[in-house]
Amino acid sequence: MFCRSFCFFSLCLFLPTERRASLAHLPNMRSSDMTSLPGFENLTMGYNKYLRPYFGGEPVQIAMSLDIASISSISESDMDYTATIYLRQRWTDPRLVFHGNKSFTLDARLVELLWVPDTYIVESKRSFLHDVTVGNRLIRLFSNGTILYALRITTTVACNMDLSKYPMDTQTCRLQLESWGYDENDVMFTWLRGNDSVHGIEKLRLSQYTVERYYTLVSKSQQETGSYPRLILQFELRRNVLYFILETYVPSTLLVMLSWVSFWITLDSVPARTCIGVTTVLSMTTLMIGSRSSLSKTNCFIKAIDVYLGICFSFIFGALVEYAVAHYSSSQKCAAKAPQEGPANELTKEMEEVNITNILNSSITSYKRKISFTSIEISSDNVNCSDLTMKTHEKIKFVLRNKMHRIISYFTIQNPSNVDHYSKLLFPLFFMLVNVFYWAYYLYF
């Protein structure tokens, strides 16, 4: 009662003198009889805030405009963004028409006495209306019955993201406004000036993104209870990849190049080459874990950065395996030479100690053995021809054994030092080719 009396007094201050005089001649009415905005002669009777304008007739045309004050955060893990917006709604209520060309800004608490649209933000997770120092709302009434209703809202809205090309991705997010209870037979939503109805979004400066473009759409939401009007603001956000190049791509590339240093170290330097290989593998593993921990909730995606880190890890691990193969081949070759060189050295020493007498004795002994062999008589009856033929399974074993020896000899590294020589050329060449295909695919396809 006190609020309505106060509103009546405040509104009367804005009226012309003749209007105030006409109100003075009105019969005394109790505050309970004043159904709406007291102070205007044609508004004091018959206004019902529970009924929309043109009730039972044509739908109410509600024109909207937006000011994007800020987008404070964009979360890939939660797939949402938080924005502060100024939402302005305009509609015409013929019950609030008054004479004159003036407009009046009313106290925001008077919104409780007016019919207002039931607009809500689709896919909003959390929203609140600012209330410092008072509720950030504005009511402005024009003489032709047009009402301007403005709100300052901070909302967190879901945004479905495709992170397969992260961090070279472009995300499309939406801010959708829809009527909650009134269908298209009751209200119609329109943008006030098309794309020009949205301001401030082109001036935003975000930490990881750049606003590529935005546009407005008018749509309908088909629900079980009816068809509801919907306005859509759609904007594209392109991620700034320079930060990730400096933080992830450059260090991982340098680690790959560091693993190639071992190709210029001799095979005998086992501690040096092993230390380089193990250190680069562990450093690359730490880099991969750090990259994935920043997006812990999106590890189900195979992202572009994961592909690159996997490529770098493969090349680093390949350099370590290359040394293992080269060192093993070198040790096998040295082991094969050792038995051949051992008897040769012993034979040389014996030849130096042998005298002429020993040579003659050995010659006579060998001559006697040859004579004894000639005296042996071979009887054809004692020869078994079946023993001279080879069985089938023995033939198969013999053939398979020969083929295995050929295959092994084909893959046997004859000169282990050539492994490092070829690796110096092949590893950088393949890494550059993979980079060309990688960047071409994720940047242009």
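The values are calculated or read from the model by the stated rules, or taken from the named source; none is laboratory data. A quick note: this is a predicted structure, and the numbers were derived from the prediction, not measured. Cβ atoms come from the backbone with ideal geometry, glycine included; neighbour counts cover every protein chain shown. Just the protein is used for accessible areas: all its heavy atoms, side chains included, with ligands, DNA and RNA removed. Shrake-Rupley method; radii C 1.70, N 1.55, O 1.52, S 1.80 Å.
Structure data summary
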read-out: Qualifying residue in the stretch 414-433 (condition: of a type in the set (S, T, N, Q), farther than 30 Å from ALA304 by Cα and either modelled with pLDDT under 70 or open to solvent by 100 Å² or more (accessible area, probe 1.4 Å) (or both)); value: yes
read-out: Exclusive hit being farther than 30 Å from TYR50 by Cα and of a type in the set (Val, Ile, Thr), set THR190, THR210, THR225; value: THR210
read-out: Residue list for the stretch 228-270, filter: in a helix (DSSP H, G or I) and acidic (Asp, Glu); value: GLU247
read-out: Residue satisfying all of: in the stretch 176-210; of a type in the set (Val, Ile, Thr) and modelled with pLDDT of 95 or more; nearest to LEU66 (Cα to Cα) among these; value: VAL198
read-out: Any hit, the stretch 225-235, residues being surrounded by 17 or more Cβ atoms within 10 Å (Cβ to Cβ) and over 30 Å from VAL187 (Cβ atoms); value: no
read-out: Residue pairs meeting the criteria (Cβ under 7 Å; at least 6 apart or on separate chains; first open to solvent by less than 30 Å² (accessible area, probe 1.4 Å), in the stretch 198-216; second of a type in the set (D, E, K, R)); value: GLY200/ASP67; TYR209/ARG238; TYR209/ARG239
read-out: Conditions (1) touching a residue at least 60 places away in the same chain (Cβ under 8 Å); (2) open to solvent by less than 60 Å² (accessible area, probe 1.4 Å); number of the one not met by ARG238; value: (2)
read-out: Test: ASN195 is assigned to a loop (DSSP other than H, G, I, E, B), more than 29 Å from LEU51 (Cβ to Cβ) and open to solvent by 60 Å² or more (accessible area, probe 1.4 Å); value: no
read-out: Given (1) in contact (Cβ under 8 Å) with a residue 24 or more places away in the chain; (2) closer than 30 Å to GLN61 by Cα; (3) not in a strand (DSSP E or B), number of the condition ARG273 does not satisfy; value: (2)
read-out: Subset of the stretch 268-308 (residues that are open to solvent by 50 Å² or more (accessible area, probe 1.4 Å), within 17 Å of SER75 (Cβ to Cβ) and not hydrophobic (A, V, I, L, M, F, W, C)); value: ARG292, SER293, SER294, SER296, LYS297, ASN299
read-out: Test result for PHE263, modelled with pLDDT under 95, open to solvent by less than 30 Å² (accessible area, probe 1.4 Å), closer than 26 Å to LEU443 by Cβ and of a type outside the set (Lys, Arg); value: no
read-out: Checklist (1) open to solvent by 50 Å² or more (accessible area, probe 1.4 Å); (2) modelled with pLDDT under 95 applied to TYR120, failing item; value: (2)
read-out: Residue satisfying all of: in the stretch 66-107; assigned to a helix (DSSP H, G or I) and open to solvent by 20 Å² or more (accessible area, probe 1.4 Å); modelled with the lowest pLDDT among these; value: ARG95
read-out: Filtered residues of the stretch 157-192 (kept if assigned to a loop (DSSP other than H, G, I, E, B) and closer than 30 Å to PHE445 by Cβ); value: CYS159, ASN160, MET161, ASP162, LEU163, SER164, LYS165, TYR166, PRO167, MET168, ASP169
